[in-house]
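In what follows, a single structure is set out as structure tokens and then discussed.
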């Protein structure tokens with residue numbers, strides 16, 4: 001980026017020139033900004049523009065993106081005379097149902113569409129476009145206002161960055177490396193550890209080796225370490241491999257499909273210097289899988305449900321009132337129940353508490369396990385609002401199209417080690433039998449010994465003090481299915497959205513239990529919500545001479561005066577209960593009607 005202007009003591013016009021090198025040559029993009037320069041000169045004007053008008057940056061980024069698409073098969077219109085020939089013929093859309101082409105690739109040729117689609121299926125994001133973007137592309141500054149003028153001391157711990165990858169696209173991996181080197185102060189970045197979890201892509205061997213060598217030559221004080229697994233070990237093991245290879249004061253364990261923002265490292269290192277038992281995480285901006293644009297995300301806590309799927313939860317309302325205020329008002333960190341997987345920690349402290357559970361397989365649950373362990377064993381988890389990383393959200397994970405088997409297995413392992421009397425909530429969430437489920441969770445004896453050695457607090461303490469929003473499900477009497485004893489029909493929630501339960505062939509699968517009975521007599525249909533702020537759907541007697549039962553949010557049903565409490569009688573040794581009501585359910589497949597008791 002170059003700037004040009006007149007004497008700063010006079011009104012000036014700055015022109016920002018972006019030189020984009022594409023496969024079709026160089027493209028110049030101009031963005032003119034007229035300003036009356038203050039005494040500080042044109043540099044101060046440009047700084048003021050960059051800090052106070054982020055929309056201008058985004059417009060420049062959009063211009064850059066359009067220019068790059070010219071090199072990605074979206075041809076630049078050629079200058080035509082008035083008597084020029086008819087406009088170019090538009091290519092047929094070969095993949096109208098592909099998510100990749102929903103909002104991108106309008107002007108690609110048919111050959112380019114085929115190439116882009118094949119790469120998308122292989123990687124889960126737009127490698128065709130990535131290969132045509134600069135490795136050092138600029139990112140919009142998405143930090144909140146309170147972060148922009150915050151400063152950090154230079155005397156901070158050194159950091160070793162661990163990048164985990166498995167058959168990552170080469171240009172994506174190169175861009176991650178480039179951003180880390182360019183946007184981390186040299187005196188803080190001691191090393192980069194690249195952990196290859198047994199990739200098979202040929203260009204991640206010789207071609208990547210050559211690129212890494214060139215980076216080492218450009219940065220003689222930087223050590224880049226390569227770790228290669230001879231078989232796929234999974235995320236937890238790969239991250240632990242990176243930790244073992246690290247020597248810096250602090251280890252930052254990142255995904256490889258990321259780009260770091262300016263000043264990403266300093267806020268994180270500042271918090272760890274203040275408290276070595278704090279494990280911190282940056283705020284993730286989303287990078288679209290199709291057009292690779294960066295989407296601003298507000299800071300939020302990293303949470304989970306009882307199936308251990310990750311999710312975001314908002315901080316306290318006061319935080320969001322402060323984000324557009326001064327640097328003094330904006331909190332430097334906010335506590336979080338868990339981490340999403342990207343984490344930064346004091347290297348020695350992470351070792352003291354057991355790094356990561358290497359008994360986890362492939363993907364899922366390892367981040368929740370770490371969050372529970374850190375909180376209950378003497379540390380804390382914090383999200384640092386002023387640290388930003390742009391992270392590609394894949395449309396699909398090519399190394400494992402169906403994550404369910406690994407997630408189930410890992411969730412059961414976490415439950416057995418850490419969740420005490422609440423461990424069966426994992427079974428409920430996944431609809432897995434409490435016993436004899438046939439899922440091998442591996443040897444957990446060493447991790448249980450670690451928990452005992454660290455004198456960790458019970459899981460109930462974690463629920464009460466760290467994650468009170470997670471419903472403990474301690475009011476459930478039974479779960480499973482409400483079955484008609486004379487047929488193979490069960491009550492089902494029916495179409496969603498909808499408020500009428502139906503009869504349906506009994507099935508006992510799904511990521512959530514289908515029916516559950518609360519100790520107060522409520523019947524929850526269609527799954528139990530994991531969090532107290534979400535309402536379950538209750539089987540209701542609508543009243544007012546309605547002939548069909550209803551299915552409504554429990555609080556809504558109570559407010560409308562519907563009946564939501566039912567009587568149950570245990571009828572067998574295996575926690576079987578009979579629904580006992582003054583009305584009966586008369587089955588008209590697929591619907592029910594309420595009928596007088598004598599018809600039952």
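Rg to Rh for region 198-288: what is it, with Cα atoms only and Rh by Kirkwood?
Numbers: Rg = 15.4 Å, Rh = 15.8 Å.
Radius of gyration relative to Kirkwood radius: 0.98.
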Projected label distance in nm at residue 295 and residue 393, using a 7 Å step from Cα toward the beta-carbon: 0.4 nm
Highest average packing first - 153-165, 340-352, Cβ atoms within 10 Å: 340-352, 153-165
Hull volume in cubic angstrom per residue (convex hull over the Cα atoms of region 250-345): 132 Å³
Geometric extent, Cα atoms of region 114-209 - Rg, Dmax (angstrom): 16.5, 51
Spacing of the two label points (7 Å from each Cα toward its C-beta) at residue 205 and residue 277, in nm: 4.8 nm
Spacing of the two label points (7 Å from each Cα toward its C-beta) at residue 226 and residue 488, in nm: 5.7 nm
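Tell me, what is the FRET efficiency for residue 421 and residue 481 to the nearest 0.05, using R0 = 30 angstrom and their Cβ-Cβ distance as r?
Details: r = 25 Å, r/R0 = 0.82.
In this case the efficiency is close to 0.75.
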Three principal axis lengths of region 408-511 [C-alpha, angstrom, descending]: 53, 31, 23
For region 276-431, average projected area of the Cα convex hull in nm²: 10.7 nm²
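When N is the residue count of region 135-288, what does its C-alpha Rg come to as a fraction of 2.2 N^0.38 Å?
On the way: Rg = 15.5 Å, N = 154, 2.2 N^0.38 = 14.9 Å.
With N residues counted in region 135-288, Rg over 2.2 N^0.38 Å equals 1.04.
Full extension from residue 93 to residue 535: what is 0.36 nm times the residue separation minus their Cα-Cα distance, to one decimal in nm?
On the way: separation 442, 0.36 × 442 = 159.12 nm, distance 4.37 nm.
Here the answer is 154.7 nm.
Equivalent-ellipsoid semi-axes (√(5λ), Cα gyration tensor) for region 244-284, whole Å, largest first? Intermediate values should be presented prior to the final figure.
Details: eigenvalues 61, 43, 16 Å².
Semi-axes, largest first: 17, 15, 9 Å.
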Separation between Cα centres of region 215-246 and region 417-454, rounded to whole Å: 31 Å
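Since every read-out is calculated from the coordinates, none of them should be taken as a lab result. Note that the structure is a prediction, hence the values are computed from the model and not measured. Reconstructed Cβ throughout: ideal geometry from the backbone, glycine too, with neighbour counts over all protein chains shown.
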